[in-house]
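One structure is given here, and the rest of the page talks about it.
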Amino acid sequence: MPGRKLELTVGELAIRAGIAPSAVRFYEEQGLIFSRRTAGNQRRYHRAMLRRVAFVRASQAAGIPLAVIAEVLAELGDHESPSQAMWEAASTRWIADINHRIALLENMRDMIGSCVGCGCLSLGDCHLLNPGDELNKLGPGPRRLMTDD
Ligand code: FES
């Protein structure tokens, strides 16, 4: 398309992607986006990085850690952007991750519910401090004092 720059500066990418220039550099340090250096040692980003940043921001908004996002983006070549199908697959995976976190939080809410009106903070009896009564499964006696680690 005439008039469309194939490469963007840090500032141009930041403005177009709606993030701070420091975030552009941070994403690059994390291996989420890539640049080349000009003869004057300035960074130039391929336009494909715009869609990569959108992928990262949408994934972060879903609470996905950058390391996990980086794993998914590692499937691409350095100058490739995520396809629609790739985002569909990733967002399906993120939904599964969100459902898992919801289940963990619901379980935690239920466990802490038993602390309401209790206040014992007992290492053996409190469901938060001894989930699933793990100490009892280790056998009788003061299990926390009996372990070597
Ligand atoms: S404080 Fe007693 S069960 Fe958690």
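Rounded to the nearest 10 degrees, what's the angle between the helix 48-61 long axis and the longest principal axis of the chain, both from Cα atoms, 0 to 90? Here the helix axis deviates by roughly 20 degrees.
The slack in the chain from GLN30 to MET111, taken as 0.36 nm per residue of separation less the alpha-carbon distance, amounts to 25.5 nm. Report the calculated FRET efficiency for GLN42 and ASP78 (r = Cβ-Cβ distance, R0 = 25 Å), to the nearest 0.05. The calculated FRET efficiency here is 0.90.
Ignoring ligands, DNA and RNA, what accessible area per residue does the chain give at 1.4 Å, in Å²? Could you put the intermediate results ahead of the total?
Values: 9770 Å² over 149 residues.
Dividing the accessible area of the chain by its residue count gives 66 Å².
Relative to the longest principal axis of the Cα atoms of the chain, the long axis of helix 84-113 lies at roughly 20 degrees. For the chain, the Stokes-Einstein estimate of translational diffusion at 25 °C and a viscosity of 0.890 mPa s comes to 128 µm²/s, using the Kirkwood hydrodynamic radius over alpha-carbon pairs. Ordering 65-75, 97-107, 50-60 by mean Cβ neighbour count within 10 Å, with the highest value first, yields 50-60, 65-75, 97-107.
The values are calculated or read from the model by the stated rules, or taken from the named source; none is laboratory data. All values derive from a computational prediction rather than experimental measurement. All Cβ positions, even for glycine, are placed from backbone atoms using ideal geometry, and neighbour counts span all protein chains on display. Ligands, DNA and RNA are excluded from the accessible area calculation, which covers all protein heavy atoms including side chains. Shrake-Rupley method; radii C 1.70, N 1.55, O 1.52, S 1.80 Å.
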